[in-house]
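**Q** Take a look at the following structure, please.
The values are calculated or read from the model by the stated rules, or taken from the named source; none is laboratory data. Keep in mind it's a predicted model, so treat the numbers as computed, not measured. All Cβ positions, glycine included, derive from the backbone under ideal geometry; neighbour counts span all protein chains shown. Ligands, DNA and RNA are excluded from the accessible area calculation, which covers all protein heavy atoms including side chains. Shrake-Rupley method; radii C 1.70, N 1.55, O 1.52, S 1.80 Å.
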Amino acid sequence: MQRRQKVLRTGLLLLLAQIYQVGLSNIPPVTLATLAVNIVLFLQPLERLDKTCISVTECLYRRDWHRLYLSAFHHVDDWHLYFNMVSLIWKGIKLERRLGSVWFGYIIALFSLLTGVVYMFLQLTLAELLGNPSHKQSCAVGFSGVLFALKVLNNYYHPGGSSNIMGISVPNRYACWVELIVIHLLNPGTSFAGHLAGILVGLMYTTGPLKKIMKACAGGFISVTGFSGQRNSYSSENFRYSGYPSHPSRDYNVYTGGLNEEEQIERAIRNSLNDRDSMEAFAHGIFLS
């Protein structure tokens, strides 16, 4: 039991160390607030996981609608939290400074809801097409669905470059699809539908009508700042946040040891697999949506 408790603290300690290395002053306010909410709800969950996870049966049929939001902000264990929050730090720093805090907060709030809605739609569709009602009962928690949506946005606003996925260089425009497949192949018990839901929500924003609908609903009270919502092109793989008038360029390699997001997560995975207990946790839902 002592060994298990020690392992379960490791992910949270690594996350706090990561936040310390980046520096609180370097994390934009909405990203920082989102981190804080996830950490607080991990330490003091509002409900048990079986009461917060989202599924067709619990949310749609039994009309337990509060799961739409609760599911995104609760995590299985501290490794699940660590991987998701490290990813959030990277995406939040880029996107929040690119779009502005108010609009980014709007995105976080709406995407947290929409990924759950799309997840239920996908699971309901699979259940009907395959004649397998278990898809309706499949329950998922975690922020990774939202993170997949943010990854689509990040690749849209910062095109070009490549990501290192399991030692393979993949163009960023295809990275989310490759990650979707790789994660599912390595960990079949994870929520494929949850991750796919995030990608679809991201595409609804970048290539569909979602962004226009969000602007219309905001009624002019919320606007995209930074580059006035215009897509910009960068040929450099290592984007240094140049072009933000109120934020001078910084070299974030000093905080990350020169590792990008995927390399940090891959290193953390390798470290976690060195321990039998953390390997079991990883296999049972580290990347749950």
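**Q** From zero up to wherever the largest Cα-Cα distance of region 12-61 sits, split into 5 Å bins and tell me the percent of pairs in each.
**A** Per 5 Å bin, starting at zero, the Cα-Cα P(r) for region 12-61 comes out as 5, 16, 20, 18, 13, 12, 8, 5, 2 percent.
**Q** State the answer as a single residue: which of 80, 65, 92 lies farthest towards the positive end of the charge dipole of region 55-99, with beta carbon charges of +1 for Lys and Arg and -1 for Asp and Glu, about the Cα centre.
**A** The listed residue farthest towards the positive side: 92.
**Q** Determine Rg/Rh for region 11-101; Rg is computed over alpha-carbon atoms and Rh is the Kirkwood hydrodynamic estimate from the same atoms.
**A** We get a ratio of 1.04 for region 11-101.
**Q** Using only the heavy atoms of the protein chains and a 1.4 Å probe, how would 83, 192 rank by accessible area, largest first? Could you put the intermediate results ahead of the total?
**A** Values: 83 5, 192 75 Å².
The ranking, largest first, comes out as 192, 83.
**Q** How do 82, 174 rank by accessible surface area computed with a 1.4 Å probe, from largest to smallest?
**A** Numbers: 82 20, 174 115 Å².
The most accessible residue leads, giving 174, 82.
**Q** Enter the per residue convex hull volume of region 130-207, computed from alpha-carbon coordinates, in Å³ rounded to the nearest integer.
**A** On the way: hull volume 8.1 nm³, N = 78.
Output value, Cα hull per residue: 104 Å³.
**Q** Give me Rg over Rh for region 56-208, both radii from the alpha carbons and Rh done the Kirkwood way, two decimal places.
**A** Details: Rg = 15.4 Å, Rh = 16.0 Å.
Looking at region 56-208, the ratio lands at 0.96.
**Q** Which translational diffusion coefficient, to the nearest whole µm²/s, is obtained for region 175-215 from the Stokes-Einstein equation, given a Kirkwood hydrodynamic radius over C-alpha pairs, 10 °C and 1.306 mPa s? Before the final figure, lay out each step's value.
**A** Numbers: Rh = 11.1 Å.
Rounded to a whole number, D works out at 143 µm²/s.
**Q** If you don't mind, there's one more thing I want to ask. Protein chains only, probe 1.4 Å: how do 173, 67 rank by accessible area, largest first? Intermediate results must be reported in sequence, preceding the final value.
**A** On the way: 173 175, 67 5 Å².
Ranked from most to least accessible, the order is 173, 67.
**Q** Additional query: Using modelled backbone amide H atoms (1.01 Å from N, in-plane), which distant-in-sequence or interchain residues come within less than 5 Å of residue 165's amide H?
**A** Here the answer is 170, since their amide H atoms fall under 5 Å of that of residue 165.
**Q** Can you pull the semi-axes for region 52-124, root of five times each eigenvalue of the Cα gyration tensor, sorted largest first, whole Å?
**A** On the way: eigenvalues 127, 50, 17 Å².
So the equivalent ellipsoid measures 25, 16, 9 Å along its semi-axes.
**Q** Considering amide H positions built from the backbone, and no H for Pro or chain starts, which residues 5 or more places from residue 100, or on another chain, come under 5 Å of its amide H?
**A** 225
**Q** Okay, moving on. Between region 133-147 and region 65-90, how far is it from one alpha carbon centroid to the other, in angstrom?
**A** 12
**Q** Taking the alpha-carbon distance from residue 51 and a cut-off under 23 Å, which lysines remain once sequence neighbours fewer than 8 residues away in the same chain are dropped?
**A** Filter leaves 136.
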